[in-house]
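Every read-out reported here was derived from the displayed coordinates using simple, explicitly stated rules and does not represent laboratory data. Note that the coordinates shown come from a computational prediction; the quantities given were computed from them, not determined experimentally. Here the Cβ is made from the backbone with ideal geometry for all residues, glycine too, and neighbour counts use every protein chain on show.
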């Protein structure tokens, strides 16, 4: 039994222009102490999956039409609202990309951390304050006792991200979902925050789901990687396998299109065309219009998950050949 | 590399923004030293990459070079003439020669104009480039050059994706056949697969039209890919400048080394095997930068001299200029 399991999740957005099929059968799991990276470009559904897990999808327009989200073998989607809030509050927490808009500007950072402790743990004001200072200390905010009384705008970008991490850790979650936690930050600060997340995860033996589009960040921290495209997971493998022998043409192309720091490239390989319009996803394999290995079958049959051994799966009709190079 | 002559020579460029207090009786209480004495040459046909973190002054540099903001002091010679002294006709001719591609393809295109009008607008201001009758044909040609369908000339920006919009921005910059294009973070808003398309396009256009680029970005991998030479900026100053190979393979300034070391490398087998330098703290405020070397507050090599003496950007340890008293080569990539 995995700690958190998403199974065959379908989400659609009912918009004025039609129904956008944002998630089309997403399944993944994460165990205690493990880091799963969910990699994908904008519109691939990586954040929507996380929002469905957290129960923070805006309905309407978003509707979960099928699937399960199991935390410790209990389906969150079938629980009563009250029980679900309770379970999530103590079990799963989320760190967002943009700390400035995720924090409330009219309350102090301390208040926002303490609020959960008072509501969920029934702590007194003084105890909650003490705990908030400890948490800010843990995320290495200097002079925590002073800064706990400050407002988000008085923090720098990196500090704000640290404060939000402190907030997410307040109730000792078992699963931490980090949605592009460093995308808005400068590279030297990004490195600090990734180090901090990795350290906290090790200490607390948390499971972490890291959502990102950055192949470099993924390579540095992930145990396993799930690659998403058009609302599906197209490939899953451990980090080393995925980078060494990608089993899906999309993954392979993504890696080839990255400029590298350690070599001066000439022409970059590109993925032709554009990501699919979710209002009309291509038939068969959604990647087929852009795929260099496209055959007739690709526009007809949706590829099943091919097992390539040792937990490496790829949703490509020609997965074995892709791995072979 | 063959010797080029310089198309743009920037000397001691300074741009300070006043910090004021009060509405009616304004008083200046400080200066944001956004760009604080920057000098470099741009050779004909080359790409000069400018990297740095937010607040280092790289975008202000772009705006001053475009004359969108007046400089506080300093000069910039375009083909031998100081662009900050130009007026009237000379300035208008200059604008034909230096164009800009902006970061955000969503806000830099007017949503109420068609693509044809956006790309053709430069011809309204510079009618000598394309007589009225030939404009539509020119716009179609430009669309084709940047890889868009010329038949989409009557569409509006919202009908295009982010990558396509960036191509429209590039077509607009190309319209007047400039000699220099300043690219201010042209690919940072794009997805990886689209980013590669736009980078290849910029490379192809440079070869085809003999363009010189000032390429401003925070992504060090992107900059390395496109640049011949690279300048690293920190708090309004260039701390190190050299060829792409000198900067990436033989960096001598601690900040350059830290910056390179912080970039994650997409290879999980390298995990834990790289020489990692972690800076602590944030970039100080440009209103009140540290005395002496501006990097000293985050530098692990800082000594007393760093607080008292500003390190000049001169050739020190290796064969390229570095603004550190203790410049020393250290391979980090």
Study note, to complete from the structure: Per-residue average of other protein chain Cβ atoms inside 10 Å, peptide B:263-276 -> 6
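Please report Rg over Rh for chain B, where both radii come from the alpha carbon positions and Rh follows the Kirkwood definition. Working shown, then result.
Working: Rg = 21.1 Å, Rh = 21.3 Å.
Reported Rg/Rh (Cα atoms, Kirkwood Rh): 0.99.
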Study note, to complete from the structure: Along principal axes, largest first, the alpha-carbon spread of region A:214-274 in whole Å comes out as 30, 28, 18
Check your understanding: For region A:42-76 and region B:282-297, what is the separation of their Cα centres, given in Å?
Key -> 45 Å
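Could you work out the Kirkwood radius for region B:56-213, taking every pair of different alpha carbons, averaging 1/r and inverting it, reported in Å?
16.3 Å
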Point to revise | Mean separation of Cα contacts under 8 Å (6+ apart) over length of region B:1-94, as relative contact order % | key: 35 percent
Check your understanding: Going by alpha carbons, how many degrees (0 to 90, nearest 10) lie between the helix axis of B:162-174 and the longest principal axis of chain B?
Key -> 80 degrees
**Study point:** Relative contact order for region B:240-333, counting Cα pairs under 8 Å that sit 6 or more residues apart, in percent
**Key:** 40 percent
Point to revise | Span per principal axis, largest first, for the Cα atoms of the protein assembly as shown (Å) | key: 73, 65, 54
**Study point:** Computed [θ] at 222 nm, helices only, for chain B once each DSSP H run of length n ≥ 4 contributes -39500 (n - 2.57)
**Key:** -8500 deg cm²/dmol
Exercise for review: Would you kindly calculate the mean projected area, averaged across all directions, of the convex hull enclosing the Cα atoms of chain A, in square nanometres?
Suggested key: 18.0 nm²
Review point. For chain B, what is the percent of antiparallel DSSP beta bridges, rounded to the nearest 5?
Key: 60 percent
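Take B:280, A:35 and order them by how many other Cβ atoms sit within 10 Å, fewest up front.
Details: B:280 11, A:35 22.
Ordered from fewest to most neighbouring Cβ atoms within 10 Å, B:280, A:35 come out as B:280, A:35.
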Practice item. For region A:1-80, compute Rh as the Kirkwood radius over C-alpha pairs and then the Stokes-Einstein diffusion coefficient at 25 °C and 0.890 mPa s; write the answer in µm²/s, rounded to an integer. Key: 187 µm²/s
**Study point:** Rg(Cα)/(2.2 N^0.38 Å) for region B:20-79, N = residue count
**Key:** 1.43
Revision key, fill the gap. The whole-number value in µm²/s of the Stokes-Einstein translational diffusion coefficient for region A:170-314, with Rh from the Kirkwood sum over alpha carbon pairs at 37 °C and 0.692 mPa s, is 191 µm²/s
Review point. Could you list, bin by bin from short to long, the percent of Cα-Cα pairs of region A:171-250 in 5 Å steps?
Key: 3, 13, 25, 23, 18, 13, 4, 1, 0
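Let me have the relative contact order for region A:173-291, percent, based on Cα pairs under 8 Å that are six or more residues apart. Don't skip to the end; give the middle numbers.
Working: 108 pairs, mean separation 20.9, N = 119.
18 percent.
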Practice item. Give me A:76, A:274 ranked fewest to most by other Cβ atoms within 10 Å of their Cβ, as a rough exposure proxy. Key: A:274, A:76
Check your understanding: Helix A:109-121 versus the longest principal axis of chain A: what is the Cα-based angle in degrees, 0 to 90, to the nearest 10?
Key -> 90 degrees
Revision key, fill the gap. Bridge orientation stat for chain A from DSSP, antiparallel percent rounded to 5, came to 60 percent
Revision key, fill the gap. Relative to the compact-globule estimate 2.2 N^0.38 Å (N residues), the Cα gyration radius of region B:276-320 stands at a ratio of 1.28
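Nearest 5 is fine: what % of DSSP beta bridges in the protein assembly as shown come out antiparallel, could you say? Don't skip to the answer; put the middle values down first.
Values: 59 of 95 bridges.
Counting only bridges with both partners in the protein assembly as shown, antiparallel ones make up about 60 percent.
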Review point. When you take every Cα atom in region A:76-216, what is the radius of gyration, and what is Dmax, the widest Cα pair distance, in Å?
Key: 14.8, 44
Check your understanding: So what is the 222 nm mean residue ellipticity for chain A from helices alone, if each DSSP H run of at least 4 adds -39500 (n - 2.57) and you divide by all residues, rounding to the nearest 500 deg cm²/dmol?
Key -> -10000 deg cm²/dmol
Check your understanding: Given the C-alpha centroids of region A:283-314 and region A:134-186, what is the distance between them in whole angstrom?
Key -> 41 Å
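From other protein chains only, count the Cβ atoms within 10 Å of every residue's Cβ in A:296-302, then give the mean.
Details: counts 0, 0, 0, 0, 0, 0, 0.
The shielding value for this peptide is 0.
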Review point. Got a sec? How would B:213, B:156, A:250 order by Cβ neighbour count within 10 Å, fewest to most?
Key: B:156, B:213, A:250
Exercise for review: Any chance you could give the angle, 0 to 90 degrees and rounded to 10, that helix A:125-138 forms with the longest Cα principal axis of chain A?
Suggested key: 50 degrees
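When you count, for each residue, the other Cβ atoms within 10 Å and take the mean per peptide, how do B:133-146, A:164-177 rank with the highest first? Kindly include the intermediate steps, with their values, before the conclusion.
Numbers: B:133-146: 16.5, A:164-177: 22.1.
Answer by packing, highest mean first, reads A:164-177, B:133-146.
What's the Kirkwood radius of region A:269-311 in Å, using all Cα pairs? Let's see the in-between values first.
Values: mean 1/r = 0.0850 Å⁻¹.
That comes to 11.8 Å for region A:269-311.
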Check your understanding: Can you give the translational diffusion coefficient of region B:45-127 in µm²/s, computed by Stokes-Einstein from the Kirkwood radius over Cα pairs at 10 °C and 1.306 mPa s?
Key -> 105 µm²/s
